[in-house]
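Everything on this sheet refers to the single structure shown next.
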Amino acid sequence: LMVPGCAIGQAESIAEFFADTELDGILGLAFKDLSVTDTRHPFLQAVQLGLVDPILTVYLQRLGESAEGEYGGVYTYGGLDNENCGQVIAYEPLTLALYWQFNMKKFSAKNLVFKAGWEVMSDTGTSFLGIPSAIIDQIASTYNAKYNQTTDLYTVDCNTDVEFVLTIGDHAYVIEKKNLVYKFGNTCLIPMFSMGSGAFGPSWLLGDPFIRQFCNIHDFEKQRIGFAEPLRK
């Protein structure tokens, strides 16, 4: 697909981790209003030119701890991913069309239930789940997870059955143990980190554990996000 008229930003300095990776840069996939230079990223430019439909579907495949150098999923630019994703369960309207931000009504884990309601964000660039500090402490206690201040990780017994239930709109979305207990050698961890207690922005970040559990369908035109069961689990 040729997309003419794309604006590409050149960084004068980059984070050190780029030196040890095969990454050449970052492709943003949020909304134009977030751009400090008032430019469209290549996908939005393609939409503007009528080259593709304004739908982006993200499917992340669960490969396990031994996978290296394999494809970890599929980004489908311009439509639904019918090969990897089932029917859309539901769409949720965005509360702020800058990031992919929407409302989550309830969260539960084992005997914990929270009904405060939060602004949350689906984020393909986050490997873990970002959770409010007051809630993450109770999750850790419930599953006997140990916080390591040096690594900022929550380790847990590998046999622990961890399950999160997120109520978004009228649907309960269950993140299963296979996406919530990561194994590294003889150590297991729950992929979560504290979001602190900031007053601005989303309270939660729904990163890879959520996106592996459910395909995320980004509808730029209608400013909504949808979720679907992956066909390959």
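The values are calculated or read from the model by the stated rules, or taken from the named source; none is laboratory data. Computed from a predicted structure; not experimentally measured. Cβ: placed from backbone, ideal geometry, glycine included. Neighbour counts: every protein chain shown.
Taking segment 89-144 as the region of interest, how many residues are under 13 Å from the mean Cα position of the chain (by Cα) and not charged (D, E, K, R)?
Of the residues in segment 89-144, 15 are under 13 Å from the mean Cα position of the chain (by Cα) and not charged (D, E, K, R).
Consider Val52 carefully, then state whether it is in contact (Cβ under 8 Å) with a residue 24 or more places away in the chain, over 25 Å from Met121 (Cα atoms), among the β-branched types (Val, Ile, Thr) and surrounded by 11 or more Cβ atoms within 10 Å (Cβ to Cβ). Give the steps one after another, and end with the answer.
Numbers: in contact (Cβ under 8 Å) with a residue 24 or more places away in the chain: yes; over 25 Å from Met121 (Cα atoms): no; among the β-branched types (Val, Ile, Thr): yes; surrounded by 11 or more Cβ atoms within 10 Å (Cβ to Cβ): yes.
Answer is no for this residue.
Please give the number of the condition Met2 fails out of (1) outside any loop (DSSP other than H, G, I, E, B); (2) at pLDDT 85 or above; (3) farther than 17 Å from Gly125 by Cβ.
(1)
When you look at Thr167, is it in a strand (DSSP E or B), at pLDDT 95 or above and β-branched (Val, Ile, Thr), yes or no?
Yes; evaluated as a whole, the condition is true for this residue.
Hey, among Tyr75, Tyr99, Tyr71, Tyr59, which residue is surrounded by 10 or more Cβ atoms within 10 Å (Cβ to Cβ) and without any contact (Cβ under 8 Å) to a residue 24 or more places away in the chain?
Tyr75
Which one of these is over 26 Å from Lys183 (Cβ atoms), aliphatic (A, V, I, L, M) and in contact with a strand residue (DSSP E or B) (Cβ under 7 Å, 6 or more places away or on another chain): Leu44, Leu60, Leu49, Leu94?
Answer to the check: Leu94.
Would you tally the residues in segment 151-181 being farther than 23 Å from Lys106 by Cα, of a type outside the set (D, E, K, R) and touching a strand residue (DSSP E or B) at 6+ places or on another chain (Cβ under 7 Å)?
4
Output the number of residues of segment 129-164 satisfying the condition of being at pLDDT 95 or above and small (Gly, Ala, Ser).
4
Looking for something in a strand (DSSP E or B), surrounded by 11 or more Cβ atoms within 10 Å (Cβ to Cβ) and acidic (Asp, Glu) - is there at least one such residue anywhere in segment 82-95? Quick ask: steps written out before the conclusion?
Residues of segment 82-95 in a strand (DSSP E or B): 85-93.
Then keep just the ones that are surrounded by 11 or more Cβ atoms within 10 Å (Cβ to Cβ); that gives 85-86, 88-93.
Checking the rest, the ones that are also acidic (Asp, Glu) come to 92.
Yes - at least one qualifying residue is present in segment 82-95.
Residues to consider are Leu44, Leu56, Leu63; find the one that is of a type in the set (A, V, I, L, M, F, W, C) and within 30 Å of Asn186 (Cβ to Cβ). Reasoning before the result, please.
Numbers: Leu44 fails: within 30 Å of Asn186 (Cβ to Cβ); Leu56 fails: within 30 Å of Asn186 (Cβ to Cβ).
That would be Leu63, the only listed residue that is of a type in the set (A, V, I, L, M, F, W, C) and within 30 Å of Asn186 (Cβ to Cβ).
Take Val74 and tell me if it is assigned to a strand (DSSP E or B) and at pLDDT 90 or above.
Spelling it out, Val74 is indeed assigned to a strand (DSSP E or B) and at pLDDT 90 or above.
How about segment 170-202: which of its residues are farther than 24 Å from Lys146 by Cβ, among the small types (Gly, Ala, Ser) and either modelled with pLDDT of 95 or more or in a helix (DSSP H, G or I) (or both)?
If the condition is that a residue be farther than 24 Å from Lys146 by Cβ, among the small types (Gly, Ala, Ser) and either modelled with pLDDT of 95 or more or in a helix (DSSP H, G or I) (or both), then Ala172 is the only one that fits.
Identify, by number, the condition in (1) among the β-branched types (Val, Ile, Thr); (2) surrounded by 18 or more Cβ atoms within 10 Å (Cβ to Cβ); (3) assigned to a loop (DSSP other than H, G, I, E, B) that Ile135 doesn't meet.
It fails just one condition, (3).
Pairs under 7 Å by beta carbon, first residue buried (at least 20 other Cβ atoms within 10 Å of the Cβ) and of a type outside the set (D, E, K, R) in segment 168-187, partner modelled with pLDDT of 95 or more and part of a helix (DSSP H, G or I), six or more apart or different chains?
Ile175/Pro209; Ile175/Phe210; Ile175/Gln213; Asn179/Pro209; Asn179/Arg212; Asn179/Gln213; Leu180/Pro209
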